[in-house]
1. Residue B:171 passes all but one of (1) surrounded by 19 or more Cβ atoms within 10 Å (Cβ to Cβ); (2) under 21 Å from residue B:124 (Cα atoms); which number fails?
2. Out of the residues in the range A:270-298 that are more than 12 Å from chain B (Cβ to nearest Cβ) and without any contact (Cβ under 8 Å) to a residue 12 or more places away in the chain, which is nearest to residue A:200 (Cα to Cα)?
3. Specify which of the listed residues (B:102, B:140) is surrounded by fewer than 18 Cβ atoms within 10 Å (Cβ to Cβ), outside any strand (DSSP E or B), in the same structural domain as residue B:71 (by TED's automatic domain parsing) and within 14 Å of the chain's Cα centre (by Cα).
4. Report yes if some residue within the range B:31-45 is in the same structural domain as residue B:6 (by TED's automatic domain parsing), farther than 15 Å from residue B:128 by Cα and either crowded, with 18+ Cβ neighbours inside 10 Å or in contact with a helix residue (DSSP H, G or I) (Cβ under 6 Å, 6 or more places away or on another chain) (or both); otherwise report no.
5. Determine the pairs where a residue that is under 13 Å from residue A:180 (Cβ atoms), located within the range A:111-127, has a partner that is modelled with pLDDT under 90 and assigned to a strand (DSSP E or B) with Cβ atoms under 9 Å apart, the partner being 6 or more residues away or on another chain.
6. So in the range A:270-281, with the set limited to residues that are surrounded by 15 or more Cβ atoms within 10 Å (Cβ to Cβ) and in a helix (DSSP H, G or I), which one is farthest from the chain's Cα centre (by Cα)?
7. Going by the structure shown, is residue A:66 touching a helix residue (DSSP H, G or I) at 6+ places or on another chain (Cβ under 7 Å) and surrounded by fewer than 17 Cβ atoms within 10 Å (Cβ to Cβ)?
8. Taking residue A:221 as the residue in question, decide whether it is in contact with a helix residue (DSSP H, G or I) (Cβ under 8 Å, 6 or more places away or on another chain), buried (at least 20 other Cβ atoms within 10 Å of the Cβ), at the interface with chain B (Cβ under 9 Å from one of its Cβ atoms) and more than 13 Å from residue B:283 (Cβ to Cβ).
């Protein structure tokens with residue numbers, strides 16, 4: 001399969017590495033410098049502390065993307081999508097898979113005229129070490145679902161993916177994304193503001209009180225059925241990643257922009273449009289925005 | 001005037017130093033070790049970086065307190081009062097002034113049989129440097145009010161206090177304590193969790209959103225009239241102490257117990273008894289309790 005991957009961050013590098021093992025992958029980066037580095041060094045991946053075999057892909061700056069690969073994987077942060085979406089709309093000719101967190105980008109996808117639009121939810125942990133090296137430190141899965149069109153290509157993706165990098169086809173894109181959104185809405189901002197590892201949210205009895213109330217507000221704003229099922233999933237993720245620092249914790253620690261707008265920003269807007277009170281979502285949204293603002297002021 | 005002071009923390013040392021300049025002060029400490037240190041070295045005070053003249057007071061462990069000074073000043077934290085109150089009730093013969101933050105201790109004061117019971121609200125900044133040395137780094141005032149009995153002794157206190165350590169007699173003890181409670185409820189927990197100086201709460205536009213909502217919840221739970229007046233006072237304190245770290249910020253940073261139970265714990269209980277929703281008070285109460293719990297677990 002000919003695969004184009006847009007984005008040279010941790011997820012873009014991770015997907016390029018694994019899918020590039022057996023397929024013809026073109027990776028499109030923001031800067032020409034990064035593309036040159038990748039073409040020169042190949043892609044490096046570190047797993048359990050050990051550097052794996054290098055994988056060769058073809059890298060180029062995003063301006064050179066033509067949109068004619070069998071599948072294009074869009075692996076940028078949601079807040080970067082606004083700048084790219086008009087180019088994607090104009091050039092995309094084949095199937096396209098969006099990996100953004102949150103739910104706010106869904107309205108952009110309706111504007112695409114290409115026949116197949118897919119969405120995905122990444123459950124891997126990855127850290128970009130440099131422009132051509134990624135560390136794969138949380139072995140998970142990628143869930144995919146159809147937003148529009150036929151699922152055939154997603155099925156094919158599941159079969160061609162190497163072991164250790166599985167794809168799972170989900171029946172309902174909305175449920176898949178909302179499940180991840182609930183997890184991100186509770187774990188990310190709380191751990192980033194309380195400065196704790198994920199597991200503390202359930203093991204510290206005081207933080208667990210906040211955890212439950214934050215979950216309740218998400219359920220209320222999203223009008224979720226199957227409350228118990230979403231809670232069980234949230235708790236399970238927290239247990240499984242108990243010793244990890246969340247991505248938002250790390251973004252705040254490192255003075256980087258977070259994905260708060262895609263996560264709590266979306267829920268805050270939703271609560272306003274539904275005229276529902278969401279004091280904790282409002283609070284943690286502003287805590288994180290305030291942290292980002294501190295950095296800008298510094 | 002013969003003055004007894006209970007408590008060898010920053011406020012107890014500060015009051016002993018200033019009142020001991022012209023009066024016969026006995027200071028009662030938790031440990032005999034601290035009393036010995038004070039009797040040996042005298043009281044030291046550092047102001048604007050400069051060590052002031054030493055003041056001699058008589059120090060003794062609290063067990064030796066007889067309750068027969070003209071005025072006893074109780075300068076312990078509210079959470080330490082429970083352990084002392086039955087001794088104070090049994091022994092107090094003369095006027096007594098309580099300096100605790102919050103409002104939860106007021107119910108204990110009704111049980112006292114002594115004729116004059118006063119309450120105070122301390123607006124000085126002070127840090128205990130060692131058992132006999134205090135640093136006075138925020139020059140403020142002490143507001144006092146009558147809880148029960150005659151105001152005469154409080155008037156006398158205003159006249160005998162040295163310059164640089166003024167006392168102001170307030171007409172309404174409840175309004176005085178509640179004003180301070182509102183200030184402490186908003187500034188202390190927010191600065192401690194967001195890890196910022198007081199001024200950031202009004203200068204960072206995102207934190208200011210939280211600041212206003214937290215204030216609104218306090219007004220709602222306390223059924224405050226004169227909303228604008230309390231808000232103006234809160235803002236003024238924040239502006240005046242913009243470059244300071246709040247006491248709760250410092251308590252959390254240094255792994256000490258905070259006064260959260262006297263402050264948000266009181267409001268949380270009040271919200272429950274009035275059947276009022278107070279999601280932010282609930283949240284920040286549990287954030288701070290969780291931080292204290294982290295320390296205990298460590």
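The values are calculated or read from the model by the stated rules, or taken from the named source; none is laboratory data. Keep in mind that what you see is a predicted model, and the values were worked out from it rather than measured. Cβ atoms come from the backbone with ideal geometry, glycine included; neighbour counts cover every protein chain shown.
1. (1)
2. That would be A:272.
3. Within the list B:102, B:140, the selection yields B:140.
4. Within the range B:31-45 (the criterion being in the same structural domain as residue B:6 (by TED's automatic domain parsing), farther than 15 Å from residue B:128 by Cα and either crowded, with 18+ Cβ neighbours inside 10 Å or in contact with a helix residue (DSSP H, G or I) (Cβ under 6 Å, 6 or more places away or on another chain) (or both)), the answer is no, since none of the residues qualifies.
5. From residues that are under 13 Å from residue A:180 (Cβ atoms), the pairs are A:123/A:138; A:124/A:137; A:124/A:138.
6. Looking at the filtered set, the residue picked out is A:279.
7. Yes: the conditions hold for residue A:66.
8. Spelling it out, it is not the case that residue A:221 is in contact with a helix residue (DSSP H, G or I) (Cβ under 8 Å, 6 or more places away or on another chain), buried (at least 20 other Cβ atoms within 10 Å of the Cβ), at the interface with chain B (Cβ under 9 Å from one of its Cβ atoms) and more than 13 Å from residue B:283 (Cβ to Cβ).
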